[in-house]
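Asker: Quick one: the structure is below, and I'll ask about it shortly.
The values are calculated or read from the model by the stated rules, or taken from the named source; none is laboratory data. Model, not experiment: these values are computed from the prediction. Ideal geometry is used to build each Cβ from the backbone, glycine not excepted, and the neighbour counts take in all protein chains shown. For accessibility, only protein heavy atoms count, side chains too; no ligands or nucleic acids. Shrake-Rupley method; radii C 1.70, N 1.55, O 1.52, S 1.80 Å.
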Amino acid sequence: MATPHGPRRRARITFSDSAAKQLDTITSEAELHALDRALVVISVDPDTGELLPGRSSGPQLRQYVDDVERVRLVYWVTALKTVVVVAFIEV
């Protein structure tokens, strides 16, 4: 069912340089599939991850952990919640 303002858009996922390097080291199809599922979750609902304690200036880091797929992502969301920048990947 569509909302009164139309369907909800997914946030676009981008990777920091360090996360892109981590992504390049993943060779297992199972790990790539698990990572893809986690990325879909945070693209649909960027607020799903827990806030990490830290400073109030700069981006507010969040952590999404999927214990079943054994994936951990550290990311931040832009002010308009249209882009999720993944800073750290652990599969």
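Asker: Suppose the chain between Gln63 and Glu90 were pulled fully straight at 0.36 nm per residue; how much longer would it get relative to their current alpha carbon spacing?
Answerer: Between Gln63 and Glu90, full extension yields an extra 8.6 nm.
Asker: Counting helices only, and only those DSSP H runs with n ≥ 4, report the 222 nm mean residue ellipticity of the chain as the sum of -39,500 (n - 2.57) divided by its residues, in deg cm²/dmol to the nearest 500.
Answerer: Details: 2 runs with 24 residues, N = 91.
That calculation yields -8000 deg cm²/dmol at 222 nm.
Asker: Express the accessible area of the chain per residue in Å², computed with a 1.4 Å probe while the remaining protein chains stay in the model.
Answerer: Accessible area per residue, the chain: 69 Å².
Asker: On a 1.4 Å probe surface of the protein chains, which of Glu90, Glu69 comes out largest in accessible area, and what is the full order? Spell out each step's value before the answer.
Answerer: Numbers: Glu90 85, Glu69 55 Å².
The most accessible residue leads, giving Glu90, Glu69.
Asker: Could you list which residues have their amide H under 5 Å from that of Val83, counting only those 5 or more apart in sequence or on another chain, with H placed in the peptide plane?
Answerer: Arg12, Thr78
Asker: From largest accessible area down, sort Thr14, Thr27; use a 1.4 Å probe on the protein chains.
Answerer: The ordering from most to least exposed comes out as Thr27, Thr14.
Asker: Can you sort Ser28, Ser56, Ser18 by solvent-accessible area, 1.4 Å probe, largest first?
Answerer: Largest to smallest exposure gives the sequence Ser56, Ser18, Ser28.
Asker: Related question: What nm value, rounded to one decimal, do you get for the distance between Glu29 and Thr78 when each label is placed 7 Å out toward the C-beta?
Answerer: So the label points at Glu29 and Thr78 sit 3.5 nm apart.
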